[in-house]
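Asks: Have a look at this one before I ask anything.
The values are calculated or read from the model by the stated rules, or taken from the named source; none is laboratory data. Quick caveat, the model's predicted, so the values are computed rather than measured. Virtual Cβ from ideal backbone geometry, glycine too; neighbours counted across all protein chains shown. For accessibility, only protein heavy atoms count, side chains too; no ligands or nucleic acids. Shrake-Rupley method; radii C 1.70, N 1.55, O 1.52, S 1.80 Å.
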Amino acid sequence: MNVLVLNGPNLGRLGSREPDVYGTASHADLVAYCTQAAESLGLSVEVRQTDSEAELIGWLHEAADAGAAVVLNPAAFTHYSYALRDACAMVPGPLIEVHLTNPASREDFRHTSVVSAVANGVISGFGVFSYILALQAVAALAPNEG
Ligand code: DQA
């Protein structure tokens with residue numbers, strides 16, 4: 001199964017962005033971890049990052065058209081982008097929402113996700129390992145192609 005791992009705004013700065021909050025792994029490290037995990041799970045993965053809401057929505061349209069699974073860290077868009085939520089609703093799935101941190105333990109504005117209701121599930125709080133868990137979930141949910 002093809003999987004798009006999509007990262008929203010500011011995640012390209014992983015490693016230097018508030019390392020006490022988001023950890024020291026860079027976005028390039030995240031790409032390497034996801035690629036390695038996907039390979040061992042028999043998934044084909046592409047990891048992308050954008051700071052643009054329009055570009056992220058375009059990638060979700062692409063996943064919807066291709067029938068690809070999505071692992072999505074919407075970053076700050078999580079908390080207010082209904083446009084992103086509507087694009088997620090078009091993805092036939094699986095679509096897993098991920099977060100490096102646990103938004104429920106942070107500021108109040110992070111407690112709302114407008115995306116969660118249209119995701120198969122949410123994995124939060126495990127740093128880059130959240131993505132590995134999400135890829136495992138995709139592998140478990142994906143129709144057996146064998
Ligand atoms: C985040 C949590 C969001 O609240 C924040 O805006 C991010 C990253 C996370 O991965 O923990 O940019 O999605």
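Asks: Kindly provide the set of residues from segment 100-121 that are more than 19 Å from ALA68 (Cβ to Cβ), in contact (Cβ under 8 Å) with a residue 12 or more places away in the chain and surrounded by fewer than 22 Cβ atoms within 10 Å (Cβ to Cβ), ordered by number.
Replies: THR101, ASN102, PRO103, ALA104, SER105, PHE109, ARG110, THR112, SER113, VAL114, SER116, ALA117
Asks: How many of the residues in segment 97-114 are more than 10 Å from the ligand (Cβ to nearest atom) and within 19 Å of TYR22 (Cβ to Cβ)?
Replies: Counting residues in segment 97-114 that are more than 10 Å from the ligand (Cβ to nearest atom) and within 19 Å of TYR22 (Cβ to Cβ) gives 2.
Asks: Something else: Might you check whether a residue that is over 22 Å from ALA119 (Cα atoms), within 13 Å of the ligand (Cβ to nearest atom) and either surrounded by fewer than 15 Cβ atoms within 10 Å (Cβ to Cβ) or at pLDDT 95 or above (or both) occurs anywhere in segment 25-37?
Replies: Yes - at least one qualifying residue is present in segment 25-37.
Asks: Among the residues of segment 76-89, is there at least one that is within 15 Å of the ligand (Cβ to nearest atom), open to solvent by 60 Å² or more (accessible area, probe 1.4 Å) and touching a residue at least 24 places away in the same chain (Cβ under 8 Å)?
Replies: yes
Asks: Restricting the search to segment 52-67, which residues are small (Gly, Ala, Ser) and crowded, with 21+ Cβ neighbours inside 10 Å?
Replies: Residue satisfying the conditions is ALA63 alone.
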